[in-house]
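Read through the structure below, which is laid out as structure tokens, and then see the notes.
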Amino acid sequence: MKVERKSSEMLYQFDFRPYQRPFNRALSTHHGQWNVREGIILRLTHETGRIGWGEIAPIPWFGSETLKQAWDFCQQLPAKITVTDIFSIPPELPACQFGFESACVWGDGENIPTTKSQLPFSHLLPSGETVLQLWQIPWHQGSRTFKWKIGVASIEEELKVFRQLIQSLPTSAKLRLDANGGLTQKEAHQWLRVTDSARIVEFLEQPLPPAQFDTMLEMSTQYSTPIALDESVATLNQLEDCYQRGWRGIYIIKAAIAGSPRRLRQFCQQHEIDVVFSSVLESAIARQSALQLAAELSNPKRAVGFGVNHWFNEDDETWLKHLWNNL
Ligand SMILES: O=C(O)CCC(=O)C1=CC=C[C@@H](O)[C@@H]1C(=O)O
Ligand SMILES: [Mg+2]
């Protein structure tokens, strides 16, 4: 990446580390089994000594760059970089754009950021029938919105579990169903008829693959259960495209893979859209930056999709300190 730099620009010392962080159980979705969150932690040290942390947490099967592409990009950068370098990262590297731009928000020094958020979180439950036992604990811990993955087992099996689940969930609970694009059109209609009568489902997330946008747009006018696009709007370019093509339903925004936070902020402030910010199972570094954007831009009437810490064994701070100080 050759960039015209102004000679007077401030230089930042750039350090980065790869990481692999296993989940305590496989995250099963229609995309398959996800066992390990891999990414890159980066640190920018300003000439004044101030430090900014960033995280590159790709999800290539959602449309972001791969970890290797992000790593190769980091490796080809000089040890000292400028803000011009950062704001010149191409949109084909959205997770890098997010990671580097977020690192330009200066922390209080050496401390690795921790996430404090006032926003209500949606709790990500595992797919399958274990959900019937697992929702009670987060409920008693205060969660009122839950997300359950469908499109993994057969629709017959999942409808059976769904009917048992909604029998046991308190009426004040909200349930989100996420198919990760794994339903057929017939199955999506079947689910939407069921969710319309069940009335506990807040939205059905990505029922069909992104290529079937027109069908989902039509579907969104036929049922009372809202449809949310996730994989269809994974990057800023896709987000703008779906808006231009008429989507006025819910947008799930995974800030850490969407691209430039500055460009994302501009888009969300320019358009009155129903946005739900969602985690990419990142660490506290990317989560802090994503939650800051969510506090500004996410629909305040909806929980944000960050109830995911239970997918890891170790708390963030311990893990991050170990990663950075002991390599
Ligand atoms: O959005 C949430 O509630 C939690 C995050 C979440 O569900 C996901 C994160 C990353 C990849 C996916 O498996 C999944 C999703 O599809 O939204
Ligand atoms: Mg999703």
* Structure fact -> Exactly one of LEU204, LEU217, LEU183 is farther than 18 Å from SER278 by Cβ, modelled with pLDDT of 95 or more and within 14 Å of ligand 1 (Cβ to nearest atom), and that one is LEU183
* So, of the residues in region 142-191 that are among the hydroxyl-bearing types (Ser, Thr, Tyr) and touching a residue at least 40 places away in the same chain (Cβ under 8 Å), which turns out to be farthest from ligand 2 (Cβ to nearest atom)? -> SER143
* To do: Name every residue in region 142-167 that is assigned to a strand (DSSP E or B) and within 17 Å of GLN33 (Cβ to Cβ), in order of residue number.
  => TRP148, LYS149
* To do: Considering only region 28-140, give the helices (runs of 4 or more DSSP H) lying wholly within it that have at least 2 residues that are within 25 Å of GLN292 (Cβ to Cβ).
  => 67-76, 83-86, 94-103
* Condition check for VAL161: among the β-branched types (Val, Ile, Thr), within 16 Å of ligand 1 (Cβ to nearest atom), assigned by TED's automatic domain parsing to the domain that holds PRO226 and more than 19 Å from the chain's Cα centre (by Cα) -> no
* Which fully enclosed helices (runs of 4 or more DSSP H) of region 201-319 have 2 or more residues being surrounded by fewer than 21 Cβ atoms within 10 Å (Cβ to Cβ) and not assigned by TED's automatic domain parsing to the domain that holds ARG21? -> 213-219, 236-244, 261-270, 284-297
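If you take the residues of region 27-40 that are closer than 17 Å to THR66 by Cβ and aliphatic (A, V, I, L, M), which of them is farthest from ligand 1 (Cβ to nearest atom)?
Going through the qualifying residues, I end up with ILE40.
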* To do: Have a look at ASN325, ASN313 and point out the one that is more than 16 Å from ligand 1 (Cβ to nearest atom) and within 25 Å of THR29 (Cα to Cα).
  => ASN313
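The values are calculated or read from the model by the stated rules, or taken from the named source; none is laboratory data. Keep in mind the model is a prediction, meaning the values are calculated, not measured. We place every Cβ from the backbone using ideal geometry, glycine too, and count neighbours over all the protein chains shown.
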